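Take a look at the structure below.
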Amino acid sequence: MNKREQFYKIVIKEYEKRNLKHGQVLRENIAQDLYAIRLNLQRYAIEHGNTAGLEEMRSMVTETISKVQYLSNVLLNVVLRDFGLKRALEDHFLSINNNNEVIVDKHVNNLDFSCQLLIFHMVRYVISAIVTEDLPFFGIYLHVEDENLHLEIIGVNNNYLNKLKQTNSKKIKKLQDRVNLLEGTLAFNTDPQEHKIVVIVKLN
């Protein structure tokens, strides 16, 4: 890799980091506050009766929420936005370790953007919860089947899994909660012939 490519990667990484942070602020703070305001307006309308002025305020809040959601979607991973989920996931996995084996189903790019965004954040969280410095190599296989997303992480052994459950228990719990929200399953396969972690979630 030449210096120009290295510089480009550094710029893109910093740009993505900043955009992701701004997007999180919009989603987790401003959007939540707006939802709370809208709920309070709805509660007030139920208790005191609806008026034209109140309805206008509710419409303004709803429109602002839509704008915030749009902006938070724009402030995304640049590769995801411009090249699709397959490329974004491959780049993310290889950035962790160039020796990793990555296979991503090309059909994930045919999913609607909101679904791609959901998958991207879910997969990143899976990796942050499961992959540690003690795992020098792992294989990742991601494909879509029967409207379900299948993510397999190969190359983990019993010792690693046991240590992971102890040291990353909070992240594992949060990951399980996220998977449950998507009506999915999280399985730690300890078959001595094939050690792997499998995550399956519904896409609709």
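Values quoted throughout were computed directly from the atomic coordinates according to the rules given, and no laboratory measurement underlies them. On a predicted model such as this, the values are computed, not experimentally measured, just so you know. Counting neighbours? That spans all protein chains shown, and the Cβs are built from the backbone with ideal geometry, glycine included.
For the set LYS174/LYS196; LYS86/LYS163; LYS21/LYS173; LYS163/LYS202; LYS86/LYS170; LYS170/LYS202, the pairs lying more than 27 angstrom apart at their alpha carbons are LYS86/LYS163; LYS163/LYS202; LYS86/LYS170. Label separation (LEU54 vs ILE30): 2.8 nm, computed from points 7 Å beyond Cα along the C-beta direction.
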